[in-house]
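Student: What follows is a structure written as structure tokens; I'll ask about it next.
The values are calculated or read from the model by the stated rules, or taken from the named source; none is laboratory data. All of these numbers come straight from a predicted model, not from anything done at the bench. Methodologically, a virtual Cβ is constructed for each residue, glycine included, from the backbone with ideal geometry; neighbour enumeration extends over all protein chains shown.
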Amino acid sequence: MTRIILERMLLFVVPFALYGIYLLLMRMRPPQPSTQSTPWTMLFIAGLSLFALSFVIWGFTEGEPTTGRYVAPHVVNGKIVPGYVQPAEKPR
């Protein structure tokens, strides 16, 4: 679960990191007068969009199958057996 959260946070930070790299590259050029402000709002929206898109993609590609029968957690011989989805039987 931690890995999934870290991946989502990384996707949110990517636009800011790219902007930082852009600023570093621009320092190598001779300075030019500019009236542009920092695009924090667009960077935030881009990061948030990547974050949300990652959940949509994850839902389509990594989800559990929706067929089958759920078996709730139970105790067998004093040991707890976690819940699981029993695959559906194939029609004959």
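Student: Give me the pairs: first residue in the range 69-92 and surrounded by 10 or more Cβ atoms within 10 Å (Cβ to Cβ), second residue modelled with pLDDT under 85 and not hydrophobic (A, V, I, L, M, F, W, C), beta-carbon distance under 6 Å, and six or more apart or on different chains, which are they?
Tutor: Listed pairs, sorted by first residue: VAL85/GLY68; PRO87/GLY68; ALA88/THR67; ALA88/GLY68.
Student: Something else: What are the residues in the range 5-48 that are under 29 Å from THR61 (Cβ atoms) and modelled with pLDDT under 80, if any?
Tutor: Within the range 5-48, no residue meets the criteria.
Student: Next question, about the same structure. Tally up the residues in the range 1-14 that are within 13 Å of LEU53 (Cβ to Cβ) and in contact with a Phe, Trp or Tyr (Cβ under 8 Å, 6 or more places away or on another chain), please. First the steps, then the outcome.
Tutor: Filtering the range 1-14 for residues within 13 Å of LEU53 (Cβ to Cβ) gives 7-8, 11-12, 14.
When the remaining residues are screened for being in contact with a Phe, Trp or Tyr (Cβ under 8 Å, 6 or more places away or on another chain), the result is 8, 11-12.
Residues in the range 1-14 being within 13 Å of LEU53 (Cβ to Cβ) and in contact with a Phe, Trp or Tyr (Cβ under 8 Å, 6 or more places away or on another chain): 3 in total.
Student: With respect to GLY59, determine if the residue is modelled with pLDDT under 85 and on the phi > 0 side of the Ramachandran plot.
Tutor: Values: modelled with pLDDT under 85: yes; on the phi > 0 side of the Ramachandran plot: no.
It is false that GLY59 is modelled with pLDDT under 85 and on the phi > 0 side of the Ramachandran plot.
Student: Got a number for residues in the range 45-68 being among the acidic types (Asp, Glu) and either touching a residue at least 40 places away in the same chain (Cβ under 8 Å) or farther than 30 Å from LEU10 by Cα (or both)? Let's see the steps before the verdict.
Tutor: Taking the range 45-68 first, the residues among the acidic types (Asp, Glu) are 62, 64.
Now drop any that are not either touching a residue at least 40 places away in the same chain (Cβ under 8 Å) or farther than 30 Å from LEU10 by Cα (or both), which leaves none.
Within the range 45-68, residues that are among the acidic types (Asp, Glu) and either touching a residue at least 40 places away in the same chain (Cβ under 8 Å) or farther than 30 Å from LEU10 by Cα (or both) number 0.
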